[in-house]
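All remarks here apply to the structure that follows.
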Amino acid sequence: MRAALKHLKKDPVLAGILKQAGPFAMQYREPTFETLVRSIVYQQLSGKAAGTILGRLLEAVGDELTPARIMKLRVERMRKLGLSGQKTLYIRELAQHTRKGTVVFENLPHLPDEDVISHLTQVKGIGVWTAQMFLMFALRRENVLPVADLGIRAAMKKAWDLPELPKPAQMEELAAAWHPYRSIACWYLWR
């Protein structure tokens, strides 16, 4: 981590953010089906609301999120837990893909980032942003820049005093010097 922080401090704007945010403490999860289901539950919800819904879902499956246990739940039951119709569909779709072997979590750690994104986005409801979060927080990839993340865009706008939220090309340009530690820089930007 020392090498990453030393490298990132070369960017004077980012150096100030690192100093202000304090020690790096990214929390990781395992690269599993359960982690991706959690990501789907948390999409576009406040942490508190998503946590409540996730707690209900875990209770309904006996505290073990597996494709088989998800598929045993009826759609109506999943909806009563607080999941939207779309999220219910997405989670069930992920369970089906996992059971069929079109999504193989054990293979993901060995794939390049682009292949992980392609592998995961074949599932309805898993977009590039969700796949990038999986790369960062489950596969622990250090060089991911989620250009669609509103928090990162807003932090860049503020830190670099930009007139508007940066577009992907501008974000890539600002983050060019952060290679190969863009994920770590993003963690600091979220702070």
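Every read-out reported here was derived from the displayed coordinates using simple, explicitly stated rules and does not represent laboratory data. Since the model is a prediction, treat every value here as computed from it, not as a measurement. Backbone-built Cβ (ideal geometry, glycine too); neighbour counts: all protein chains shown.
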Gaussian network model of the chain, Cα within-10 Å springs - most flexible of R141, R74, R56: R74
A4 versus L111: modelled label distance in nm, points set 7 Å from Cα along the beta carbon direction: 2.2 nm
Cα-based Rg / Dmax (Å) for the chain: 18.0, 53
Nearest-20 debye value, the chain charge dipole, Cβ charges on Lys, Arg, Asp, Glu: 540 debye
Förster radius 35 Å - calculated FRET efficiency between H179 and A49 (Cβ-Cβ, nearest 0.05): 0.45
Residue-span extension gain [K72 to E34] - 0.36 nm each, minus C-alpha spacing: 12.1 nm
Longest site-free stretch - the chain; sites: chymotrypsin sites (Phe, Trp or Tyr not before Pro), DSSP loop, at most 14 other Cβ within 10 Å: 29-159
Unit charges at the beta carbon, dipole of the chain: most positive-side option, I152, L139, Q86: Q86
Given K48/K158; K10/K157; K124/K157, the pairs whose alpha carbons are separated by over 24 Å: K48/K158; K124/K157
Potential extension, R140-S84 segment - 0.36 nm per residue separation minus Cα distance: 17.2 nm
Bins of 10 Å from zero: percent of alpha-carbon pairs in the stretch 33-137: 15, 51, 30, 4
